[in-house]
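A short reminder: the numbers here are calculations on the coordinates, not readings from a lab. Nothing here was measured: the structure is a model prediction, and the numbers come from that model. Please note: Cβ atoms are built from the backbone with ideal geometry, for glycine as well, and neighbour counts cover all protein chains shown.
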Amino acid sequence: MILSSALRVDKILKKSTMPKLSNCHTMTNQKGFAIIAIPLTLAILGLIGSSVFANLDHAKGLEGKRDEQRKADMVVLQDKLKTYQAEHKTYPVQKKETVHGQDILAAALKEIPRDPLSGSGLSYGYWSDGQSYNLWYFSEITRQQMVVFGE
C-alpha cells in the first residue's frame with residue numbers, strides 16, 4: 001500500500017513539476033533573443049541620436065551662411081555709402097539712436113540689402129553724423145552685435 005501511494009505521488013510530481021525538454025529549449029531561445037535585441041536597440045538609438053546631432057550641425061551651418069551674407073551685405077553698404085559721400089560730400093545723416101536707420105539708407109541709397117532674417121525682426125543698423133558712420137548687424141554665431149565703422 002505504501003509502495004502504491006509512493007508510485008502515485010511520483011507520477012503526479014512527474015506530470016506537474018518536471019520541465020519538458022522542449023520548454024528548456026525555449027528558454028535558451030529567449031536568452032538568444034535578448035542577446036540580439038540589446039545591441040539592435042542600441043544601434044537604433046544610436047541612429048536616432050546621430051540624426052538629431054546632424055540636424056543641429058545643419059542649423060549651425062545655416063547660421064554661419066547667414067552671417068557670411070551679412071558680412072557681404074556690409075561691404076555692399078560701405079561701397080554704396082562711399083559713392084554717396086563722393087557725390088554729396090556727406091553721408092546720409094541719422095542721429096537717432098533708437099532708430100535703425102533703414103529708412104534713411106533706403107531713401108539715400110535707393111536699394112539696400114536686407115538681413116537674411118529680416119522677416120523675423122532682424123535688421124541692419126545705421127548711424128551717422130554726416131562725417132562718419134556706423135553699420136551694425138546681429139551675428140547668429142556669436143550672438144553679439146557686430147559693428148562696422150566708416151571713416
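Classify region 27-150 as rounded, prolate or oblate, taking a ≥ b ≥ c as the square roots of the eigenvalues of its Cα gyration tensor: rounded when a/c is under 1.5, otherwise prolate if a/b is larger than b/c and oblate if not. Verdict is prolate for region 27-150. Once the Cα-Cα distance is subtracted from the 0.36 nm per residue extended length, the residue 47 to residue 68 segment shows a gain of 4.4 nm. Ordering 122, 62 from the fewest to the most neighbouring beta carbons within 10 Å gives 62, 122.
Working from label points 7 Å from Cα in the Cα-to-Cβ sense, the residue 100 to residue 131 distance is 2.9 nm.
Got a sec? How would 91, 84 order by Cβ neighbour count within 10 Å, fewest to most? It would help to have the intermediate numbers written out before the result.
Numbers: 91 23, 84 17.
By the 10 Å Cβ count, ascending, the order reads 84, 91.
Straight-line cross-link partners of residue 71 among the aspartates and glutamates, defined as a Cα under 15 Å from its Cα and at least 8 positions apart when in the same chain: 63, 79, 115, 140.
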